[in-house]
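Enquirer: Structure in structure tokens, see below.
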There are 2 protein chains.
Amino acid sequence: MKEQKETLRRFLQEVWNEGNEDAVDVYLAETYTIFHDPGDVWHGQTLDRDGFKERLRISRAPFPDQCFDIKEMVAEPNRVVAGWFWKGTHKGDLPAFPATGKTINMSGLTIYNFTDGRISGHWQVTDRLGVFQQLTS
Amino acid sequence: MKEQKETLRRFLQEVWNEGNEDAVDVYLAETYTIFHDPGDVWHGQTLDRDGFKERLRISRAPFPDQCFDIKEMVAEPNRVVAGWFWKGTHKGDLPAFPATGKTINMSGLTIYNFTDGRISGHWQVTDRLGVFQQLTS
């Protein structure tokens with residue numbers, strides 16, 4: 001479980017913070033399922049690695065300097081939970097929200113599933129209202 | 001860890017779903033800390049059992065038939081994570097939202113801390129935007 005926590009740390013750093021698409025091939029299982037993620041366009045979908053890379057590009061575009069900071073981790077065999085803070089500068093357009101240049105903060109919790117040592121899906125809730133309030137203030 | 005998962009199930013059922021204040025004395029540690037819970041009035045505070053009972057009464061009043069339905073659980077010694085769906089009828093007033101009579105659905109994830117077998121705090125994120133959208137639609 002310690003190893004899976006470390007894999008998740010590297011995945012969040014290399015894939016989400018740095019936007020390294022090659023790292024998707026290293027950390028992701030053949031398919032990745034977004035089991036629950038209210039507000040995420042891909043909620044309920046199963047993606048292959050190319051589909052995940054497209055999700056990564058589209059999701060990172062409005063906040064190219066985004067950074068996840070892991071605050072809490074809880075693990076069982078094949079499941080790692082992360083409680084995180086997130087920060088990003090709103091440099092690209094979001095639906096209904098053209099780029100504001102604001103620094104946006106968010107928190108969330110995610111259960112990551114592992115299959116044969118690779119990350120194969122998640123169940124997530126983020127504080128979308130906090131983001132909405134910052135964008136409209 | 002199986003025992004702590006079962007304790008958490010009973011706590012959510014008896015305390016939050018049924019509003020049984022006596023059960024607080026059974027399941028709660030001497031103090032309870034809300035480490036992280038954006039939007040919760042008690043975010044950042046440490047409560048004794050009487051303080052927790054007051055939080056329970058105030059939180060349940062707008063949704064007296066509220067019900068947590070646990071969908072996911074992940075545990076380590078002294079920490080249990082629950083991923084949950086929640087449903088309640090909006091029968092009492094909320095700040096800025098007088099009772100609408102609507103059935104409101106919400107999801108969230110919570111890390112519960114245990115101390116000597118009793119629940120001593122949480123780190124939580126809920127989908128507040130989903131609730132806001134249902135209240136204003």
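Enquirer: Averaged over every viewing direction, what's the projected area of the C-alpha convex hull for the protein assembly as shown? Give it in nm², one decimal, please.
Expert: Taking the Cα atoms of the protein assembly as shown, their convex hull projects to 14.2 nm² on average.
Enquirer: In whole Å, what is the distance between the alpha-carbon centres of segment B:46-82 and segment A:72-137?
Expert: 23 Å
Enquirer: Also: Whole-Å semi-axes of segment B:7-137's equivalent ellipsoid, largest first, each the root of 5 times a Cα gyration tensor eigenvalue?
Expert: 24, 16, 14
Enquirer: Relative to the longest principal Cα axis of chain B, at what angle does helix B:49-60 sit, 0 to 90 degrees, rounded to 10?
Expert: For helix B:49-60, the angle is close to 30 degrees.
Enquirer: Inter-copy label distances at A:Asp116, 7 Å along the Cα→beta-carbon direction, one decimal in nm, shortest first?
Expert: Spacings between copies for this position, smallest first, are 4.8 nm.
Enquirer: Could you give each residue of segment A:7-22 its phi-based ³J(HN,Hα) in whole Hz, using Karplus coefficients 6.51, -1.76, 1.60 with θ = phi - 60°, and x for Gly or Pro?
Expert: Listing the rounded values in order: 4, 5, 4, 5, 4, 5, 5, 6, 7, 7, 6, 9, x, 7, 6, 4 Hz.
Enquirer: Lysine pairs in chain B with alpha-carbon atoms under 24 Å apart, 8 or more places apart or on different chains: how many are there?
Expert: 10
Enquirer: As a footprinting exposure proxy, order A:His43, B:His122 by other Cβ within 10 Å, with the fewest listed first.
Expert: Neighbour counts put them in this order, fewest first: A:His43, B:His122.
Enquirer: Tell me the Kirkwood hydrodynamic radius of segment A:73-137 in angstroms, computed as one over the mean inverse distance between distinct C-alpha pairs.
Expert: Radius from the Kirkwood sum: 13.5 Å.
Enquirer: May I pose another question? Could you go through segment B:28-42 in sequence order and give the Karplus-derived ³J(HN,Hα) for each residue, using 6.51 cos²θ - 1.76 cosθ + 1.60 with θ = phi - 60°, rounded to whole Hz, and x for Gly and Pro?
Expert: 8, 5, 4, 10, 9, 10, 8, 5, 7, 6, x, x, 7, 4, 9
Enquirer: What are the ³J(HN,Hα) values, in whole Hz, obtained from phi via the Karplus relation 6.51 cos²θ - 1.76 cosθ + 1.60 with θ = phi - 60°, for each residue of segment A:64-75 in sequence order, with x given for Gly and Pro?
Expert: Running phi through 6.51 cos²θ - 1.76 cosθ + 1.60 with θ = phi - 60° gives x, 9, 4, 8, 8, 10, 6, 9, 9, 9, 9, 9 Hz.
Enquirer: Using the 7 Å Cα-to-Cβ label point, sort the distances from B:Ser59 to its equivalents in the other copies shortest first and give them in nm to one decimal.
Expert: 2.8
Enquirer: How many partner chain Cβ atoms sit within 10 Å of a residue's Cβ in peptide A:120-131, on average, as a whole number?
Expert: That average works out to 5.
We did not get these values from a lab; they are worked out from the coordinates using the rules stated. Just so we're clear, the structure is a prediction, and the values are computed from it rather than from any experiment. Backbone-built Cβ (ideal geometry, glycine too); neighbour counts: all protein chains shown.
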